[in-house]
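What follows draws every value from the coordinates through simple rules; no lab data is involved. This is a predicted model, so every value here is computed, not measured. Quick reminder, even Gly has a Cβ in these numbers, built from the backbone with ideal geometry, and neighbours come from all protein chains shown.
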Amino acid sequence: MNIFPKINKDGFAISTMLYGLIFVTIAIFYLILALVANRQETNSNFVESVREELLDKSIVKKYEMTNMIKNSSFESGLSEWTTSSDIEIASIGYDGDKSLKFKVTNPDSDIVSMSQQVLDDTVPILGHLYYGALMFKSTSDFSTIDSRFEWIYNDNVGAKMVFAVKNVSTTDWIKLSNIQKIEVDTYLDKPWKIRNFQRKFNNDSYVDALILIDLTETFGVGHEPTKDWCDANINYFSEKAEIYK
Ligand SMILES: [Ca+2]
């Protein structure tokens, strides 16, 4: 349809109406955009003002968290990690665009694919609660006979904290986590390591966005949050992050 017909008396009138209609439509469109933008800014200011009010009344507090694991998103490759030969950096990531890949080489052999890191805090603090979490991805038919993300000296009771068992068949990134503590000081004069491994596995798997937080150090004795709260509120961060609770 030609909306700009010949310029005769009737055609001129129709064209003028169409121009007017287009102008009004565009004006309404921009008015809606302006209202939406203003509403979003108002909501953001409102949330911030509520947060400040709750802080003032000490209903919520601000805490600074430290992720104790270095290069925990593998964006610096294998830096900080000691690995077995079948570990490599993959070009897929949950955070960023890299992750740690446990590459299957011989699915019928009892192979342990291992990555390790010694932390600045070389051993846990007796009785402190620690939250460990990672993102994990495998395949639709993944299996392994042992598979852990842990802070460990050895396999004795009181010498390890297991935060995740990575034996899930999943083509999506999923969060695996736990809260653990050490209740005896038997092994706290020994060298501990973060270990992340797969043992006798039938397919490739990936980990990314590792977190280890001392909840007792961060929130205080008796004020540590639950695993469900941590899972819902603590998103991946490297090094330091602030959180309200
Ligand atoms: Ca990453």
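Things worth noting here:
- Between helix 9-56 and the chain there is an angle of about 30 degrees, using the helix long axis and the longest principal axis of the Cα atoms.
- Overall form of the chain per C-alpha gyration tensor (a/c, 1.5; a/b vs b/c): oblate
- Protection proxy ranking, peptides 45-51, 174-180, average beta carbon neighbours within 10 Å, highest first: 174-180, 45-51
- Toward the positive end of the charge dipole of the chain, with +1 on the Cβ of Lys and Arg and -1 on the Cβ of Asp and Glu, the farthest Cα among Ser99, Leu119, Asn45 is that of Asn45.
- Residues His128, His223, ranked from the fewest to the most other C-beta atoms within 10 Å, line up as His223, His128.
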